[in-house]
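The values are calculated or read from the model by the stated rules, or taken from the named source; none is laboratory data. Just so it is clear, the structure is predicted and the values come from calculations on it, not from any experiment. Here the Cβ positions follow ideal geometry from the backbone for every residue, glycine too, while neighbour counts run over all protein chains shown. When the accessible area is computed, the model is the full protein with side chains, heavy atoms only, and any ligands, DNA or RNA have been set aside. Shrake-Rupley method; radii C 1.70, N 1.55, O 1.52, S 1.80 Å.
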Protein chains: 2
Amino acid sequence: MSATKIVIALGGNALQEAGTPPTAEAQLAVVKKTAEFLAEISCKGYEMAIVHGNGPQVGRIVLTQEIASKINEQTPAMPFDVCGAMSQGYIGYHIQQALSDALRSRNRNIPVVTLVTQVVVDAKDPAFQNPSKPIGQFYTEEEAKRIADEKGYIMKEDAGRGWRRVVPSPQPKKIVELSAVKRLWNTTIVITAGGGGIPVVENMDGSLTGVAAVIDKDLAAEKLAQDIEADILLILTEVDKVCLNFKKPDQKFLDHMTVPEAIQYMEDGHFAPGSMLPKVLAAAKFARTYPGKKAIITSLFKAVDALDGKEGTVVTMA
Amino acid sequence: MSATKIVIALGGNALQEAGTPPTAEAQLAVVKKTAEFLAEISCKGYEMAIVHGNGPQVGRIVLTQEIASKINEQTPAMPFDVCGAMSQGYIGYHIQQALSDALRSRNRNIPVVTLVTQVVVDAKDPAFQNPSKPIGQFYTEEEAKRIADEKGYIMKEDAGRGWRRVVPSPQPKKIVELSAVKRLWNTTIVITAGGGGIPVVENMDGSLTGVAAVIDKDLAAEKLAQDIEADILLILTEVDKVCLNFKKPDQKFLDHMTVPEAIQYMEDGHFAPGSMLPKVLAAAKFARTYPGKKAIITSLFKAVDALDGKEGTVVTMA
């Protein structure tokens with residue numbers, strides 16, 4: 001029997017804890033803890049790939065460059081796709097180092113490697129008409145208008161806190177480096193499509209051009225799970241189970257959702273956009289694509305139990 | 001007959017041209033030109049991996065962070081190993097995108113992918129006793145002493161231009177992600193050990209810890225060429241051939257050097273440290289390891305001719 005194949009989508013809490021300083025050293029300490037849980041999954045005999053988020057990290061890279069570019073012409077700000085590529089190097093390095101160490105300490109010597117990964121989005125994706133994902137720092141209205149004029153950025157007012165640049169969040173259409181993921185799959189744990197992948201559009205001649213956009217990492221993980229025909233899409237987040245009426249008196253944890261139920265709950269507004277909603281969406285998409293397979297949404301801490309069927313919220317077609 | 005295996009070490013001029021602005025956009029334009037030459041090598045049927053430099057890029061990442069960290073506590077400076085990882089993401093992304101495009105336009109659909117790559121150095125390497133590689137910005141003597149006290153950095157006076165942080169440049173001992181390079185080798189062009197690799201030391205328990213150091217990228221490429229038993233180590237730089245008495249009246253271009261000749265020329269001080277010296281050293285090391293094989297030092301523009309035996313400086317054991 002061949003090993004069960006899992007694509008793991010790692011939430012932000014796997015990389016940074018609330019209240020810790022925004023340093024690389026603090027991130028590495030959190031990643032080392034995360035790696036212990038991931039190593040336990042590997043030790044159960046699962047084959048896996050890892051997709052991680054990059055929101056706070058790429059935000060800091062953008063902010064760092066915005067600050068430095070105003071002061072020194074030798075440090076111009078870089079386009080957003082390049083910032084994403086840098087965050088893949090940064091986060092991937094930490095995960096591959098920490099996970100290798102955690103595996104080695106368990107006498108499980110499986111190599112772990114990060115692939116710099118581009119993900120194609122459709123230039124006609126409606127998201128490009130309605131950029132919604134805020135990145136970088138807050139500006140006054142006046143500054144925001146000047147930046148919009150100067151650089152062509154879309155700036156939006158953010159809940160009374162000031163103005164920020166917004167970028168579109170289009171759907172992932174194709175993982176460019178998929179063949180390398182497949183080639184490495186059964187010998188190596190691959191970290192890929194970090195931050196949802198570096199967003200690129202395909203030109204008429206087939207060439208690729210980076211764009212300023214954020215691909216949801218859960219949807220990128222779902223695309224990967226589809227493409228490699230994974231058995232399980234495992235979405236790890238801060239909560240052990242998906243919840244209806246979250247933080248209300250009649251809050252209810254779910255052990256299982258069918259795809260039709262998930263769609264209903266989404267329509268009823270149970271899940272917050274940018275938080276649980278994309279996770280349930282990705283899970284439902286995977287379960288619908290492969291009716292015999294399942295997606296699981298749970299926490300890092302309950303991941304092994306969830307794979308054993310004892311924890312988490314399982315999403316299946318029926 | 002199996003394909004000839006080449007490890008290519010790309011010099012700084014393959015990524016940035018003198019006089020162009022230090023932007024990511026300018027880099028991508030240069031990388032696109034570089035990719036045309038690399039695609040031509042692939043079209044000749046060679047199998048290849050690419051190791052690139054990262055000096056100016058990682059220097060700007062460090063400088064950007066130094067500036068921003070003084071102004072905003074949300075953007076602390078990151079350790080130097082992390083800056084290297086970020087530069088691998090940044091540069092690797094550009095090369096893999098541009099080279100894929102250049103190959104596609106030649107109807108040669110070979111995937112190109114960047115591996116985030118750690119390279120082990122020996123904590124007892126004598127380089128750690130004599131840090132010599134300057135990174136980041138210039139400081140006054142007073143600032144330098146304060147930084148040395150605060151952060152434990154080694155600061156040195158740099159040829160009358162001010163004080164700079166210096167880091168050691170130890171020898172590459174092991175490419176951590178080698179198995180993935182090997183696994184991908186015959187189907188994929190792999191970009192690996194960018195900037196010489198992220199330098200790490202091996203702890204007593206086998207775990208790895210990043211260190212502030214710069215591994216020479218030509219020596220890292222040589223290590224890779226040894227490890228994968230490449231047929232040719234191709235070191236690309238700004239000049240078409242290695243030169244004795246460089247820029248002097250009796251300047252002499254070399255078509256060929258034996259290892260003993262190369263050693264003699266190095267001892268006679270013909271090659272500048274940090275420039276041609278590490279290239280000749282890497283070439284001689286490879287040729288000595290595999291007496292039947294060769295290293296070539298030439299320019300990007302003459303690379304194909306050099307592989308045909310018509311250009312460049314060839315280094316062989318005898």
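Label points for A:ALA29 are taken 7 Å from Cα along Cα→Cβ. From this copy to the others they lie 4.5 nm apart, shortest first. Panel note: contact residues of the stretch B:104-124 (accessible area lowered by at least 20 Å² against the chain on its own; 1.4 Å probe) correspond to B:ARG104, B:PRO111, B:VAL113, B:THR114, B:LEU115, B:VAL116, B:GLN118.
The angle between the Cα long axis of helix A:141-151 and the longest principal axis of the Cα atoms of chain A comes to about 90 degrees, rounded to the nearest 10. Modelled spin labels at A:SER105 and B:GLU157, positioned 7 Å past Cα toward Cβ, are 4.6 nm from each other. Relative to the longest principal axis of the Cα atoms of chain A, the long axis of helix A:55-71 lies at roughly 20 degrees. With each label modelled as a point 7 angstrom along the Cα→C-beta vector, the A:LYS310-B:LYS174 pair spans 3.6 nm. Global size of the protein assembly as shown: 24.9, 89 Å for Rg and Dmax (C-alpha atoms, Rg to one decimal, Dmax whole).
Residues considered: A:ALA102, A:ALA193, A:ALA24. Largest GNM mean-square fluctuation over chain A, using C-alpha springs under 10 Å, is found at A:ALA24. What is the stretch A:151-251 by shape, rounded, prolate or oblate, if you read a ≥ b ≥ c off the alpha carbon gyration tensor as root eigenvalues and call it rounded for a/c under 1.5, prolate for a/b larger than b/c, and oblate otherwise? Oblate is the answer for the stretch A:151-251, as a/c is 1.5 or above yet b/c matches or exceeds a/b. Of the solvent-accessible surface of the stretch A:193-303, computed with a 1.4 Å probe and all protein chains present, 52% belongs to carbon and sulfur. Rounded to the nearest 500, the helix-only mean residue ellipticity at 222 nm of chain B stands at -12000 deg cm²/dmol, with each DSSP H run of n ≥ 4 adding -39,500 (n - 2.57).
Based on the reciprocal of the average 1/r between different C-alpha atoms, the Kirkwood radius for the stretch B:1-45 equals 11.9 Å. Output the pairs from A:LYS5/A:LYS133; A:LYS44/B:LYS174; A:LYS173/A:LYS294 with a Cα-Cα distance over 26 Å in this structure; if there are none, say none. Exceeds cut-off: A:LYS5/A:LYS133; A:LYS44/B:LYS174.
Its relative contact order, with pairs defined as Cα atoms under 8 Å and 6+ residues apart, puts chain B at 20 percent.
In nanometers and ordered shortest first, the copy-to-copy spacing of the A:ASP268 label point, defined 7 Å from Cα toward Cβ, is 8.6.
Computed over the stretch B:1-153, the alpha-carbon pair-distance distribution with 5 angstrom bins reads 2, 8, 14, 18, 16, 14, 12, 8, 5, 3, 2, 0, 0, each value a whole percent. With respect to the axis relating copies B and A by rotation, the chain B residue whose beta carbon is closest, plus that distance in Å, is B:GLY89, 1. Working note: Cα atoms of the stretch A:229-274, range along each principal axis, descending, whole Å: 39, 23, 22.
By the Kirkwood approach, averaging reciprocal distances over each pair of separate Cα atoms, chain B gets a hydrodynamic radius of 20.2 Å. When the accessible areas of A alone and B alone are added and the area of the pair subtracted, with a 1.4 Å probe, the result is around 4300 Å², both sides summed. Per residue, the accessible area of chain A comes to 41 Å², computed with a 1.4 Å probe over protein heavy atoms only. With Cα atoms as the point set, the stretch A:164-203 shows a radius of gyration and Dmax of 13.1, 43 Å. Starting from the label point of B:GLU202 at 7 Å along Cα→Cβ, the same points in the other copies fall at 4.4 nm, in ascending order.
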